[in-house]
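Report on the following structure.
The values are calculated or read from the model by the stated rules, or taken from the named source; none is laboratory data. For clarity, every value in this text was computed on a predicted model and none was experimentally measured. Only protein heavy atoms, including side chains, enter the accessible area calculation; ligands, DNA and RNA are left aside. Shrake-Rupley method; radii C 1.70, N 1.55, O 1.52, S 1.80 Å.
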Amino acid sequence: LGMPIRGITDLGSIASAVVIAACFPAVIARRGNIDMRVTGRLFGRTGERMFDAIGGLITAGFFAAMSARYVLYSREMAESHERLPILRWDVAPFWWVVTGLIAAAAAVAAIVALMDAAGRRPASQDD
């Protein structure tokens, strides 16, 4: 056949944004992000818990700020009726999904931070 599939680049570009954003809440919930265990040795279990909670709050704040920016971007895409070049689909619904997933990541990060502050870790976590 040797012919490209029309619109596959359009679909790939917007789908990849959704797929990547969908990973954020899961990675944060599983505590798959980078952390440093040196604090436990230097400051004891209470200090480690506090540093984990602070890190979680910073992560939650980052994702909250990012979701606020994505709200503006998604709104701009909706108001300008931006479309994919070949498929001609509106891109705003995809960006609203991305925005919701990033906001969910912020909420998950806040919950993880609160669990860290309380000294409660998910049962599935291996230390």
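Only protein atoms count toward the accessible area here, which uses a 1.4 Å probe; on the chain, the carbon and sulfur part of that area reaches 67 percent. Annotation: Cα Rg of the chain relative to the compact-globule expectation 2.2 N^0.38 Å equals 1.38. Helical content of the chain, expressed as a calculated mean residue ellipticity at 222 nm, amounts to -25500 deg cm²/dmol (DSSP H runs of 4 or more residues, -39,500 (n - 2.57) each, divided by residue number, nearest 500).
Of the residues Phe62, Phe51, Phe43, the one that moves most in a GNM of the chain with alpha-carbon contacts below 10 Å is Phe43.
Based on protein heavy atoms only, the chain ends up with 66 Å² per residue of surface accessible to a 1.4 Å probe.
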